[in-house]
1. Please work out which one of (1) over 18 Å from Leu62 (Cβ atoms); (2) in a helix (DSSP H, G or I) is the condition Phe103 fails and give its number.
2. I need the full set of residues from the stretch 15-67 which are of a type in the set (Gly, Ala, Ser), touching a strand residue (DSSP E or B) at 6+ places or on another chain (Cβ under 7 Å) and in a loop (DSSP other than H, G, I, E, B), in order please.
3. Taking the stretch 48-63, which residues are surrounded by 13 or more Cβ atoms within 10 Å (Cβ to Cβ) and either touching an Asp or Glu at 6+ places or on another chain (Cβ under 7 Å) or over 23 Å from Asp130 (Cα atoms) (or both)?
4. Based on what the data block shows, is Arg117 out of contact with any Gly (no Cβ under 8 Å at 6 or more places or on another chain) and outside any strand (DSSP E or B)?
5. Step by step: first the residues of the stretch 13-22, then only those that are within 24 Å of Gly65 (Cβ to Cβ) and surrounded by fewer than 18 Cβ atoms within 10 Å (Cβ to Cβ), then the one that is modelled with the lowest pLDDT. Which residue is that?
6. Is it the case that some residue within the stretch 158-166 is outside any strand (DSSP E or B) and loosely packed, with under 15 Cβ neighbours inside 10 Å?
7. Could you go through the stretch 43-56 and let me know if any residue there is under 14 Å from the mean Cα position of the chain (by Cα) and modelled with pLDDT under 90.
8. Note down all Cβ pairs under 7 Å where the first residue falls in the stretch 105-127 and is on the phi > 0 side of the Ramachandran plot and surrounded by fewer than 19 Cβ atoms within 10 Å (Cβ to Cβ), the second is in a loop (DSSP other than H, G, I, E, B) and small (Gly, Ala, Ser), and they're at least six residues apart or on different chains.
Amino acid sequence: EQMLYNLRHYQGNGVTPLWTNWLRQRADLRFTCLINDVGAFNTFMLDVVRSVDGVRETSTVLSFGGRADIDTLLELEMEVSTNNMIAANVMIDVQPGLDRKCFQHLLDLPRHPEVKRVWLLNCYHSQDSDLMLLLLGKKISSITGYVMSWVRTAPGVVDTEVLTVMDWRWLAGPDDLVDLAELFFTRMVLDGE
């Protein structure tokens, strides 16, 4: 509870908490932040997160590029309750040398009637995975089918791990989500040039 309170009430420069969620498999609390100042993020982690009684360990996955879908982000932000949606973080391992091809293939997947892509982020420097894909849907079976049929068959995909997200809470406002989408859209365009 103290962690949630700290995240909800944090007012600092350089770090914007966007939302929190529980991961079903481990009952871990995770949160997503937009970071504009790495030094501020270090202070945020020490003072807001790691200082809370009961925190046993922390880990961070940073992304310096990717693509966020502004329409899906804003649609989710407008929802009264996110509990009727199922979200999944798909952690994707990519064969070195096929990174760009795999990323572009995943961006170019057709729309699915029951699954929405929120973002596709690169995290190549992470020890856990190379890409992170956030998916939303009303049924876990639809998300599983999407991953098995469309994601795992993409050129360069070596392995995937689906982490089901439950009970997330918004901390961000519409302007924060627009900033997030603009940042990743801008980086994607610059990376492609």
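The values are calculated or read from the model by the stated rules, or taken from the named source; none is laboratory data. None of the values given here were measured: they were computed from a predicted structure. All Cβ positions, glycine included, derive from the backbone under ideal geometry; neighbour counts span all protein chains shown.
1. (1)
2. Listed by number, the list holds a single entry, Ser63.
3. Val48, Val49, Val52, Val61, listed by residue number.
4. So Arg117 does not fit the description; no.
5. Step one: of the stretch 13-22, the residues within 24 Å of Gly65 (Cβ to Cβ) are 13-21.
Those still in the list that are surrounded by fewer than 18 Cβ atoms within 10 Å (Cβ to Cβ) too: 13-14.
Values: Asn13: 87, Gly14: 91.
Per the criteria, the residue is Asn13.
6. No.
7. Here is the first cut: in the stretch 43-56, the residues under 14 Å from the mean Cα position of the chain (by Cα) are none.
For the stretch 43-56, residues under 14 Å from the mean Cα position of the chain (by Cα) and modelled with pLDDT under 90: absent.
8. No pair meets every condition.
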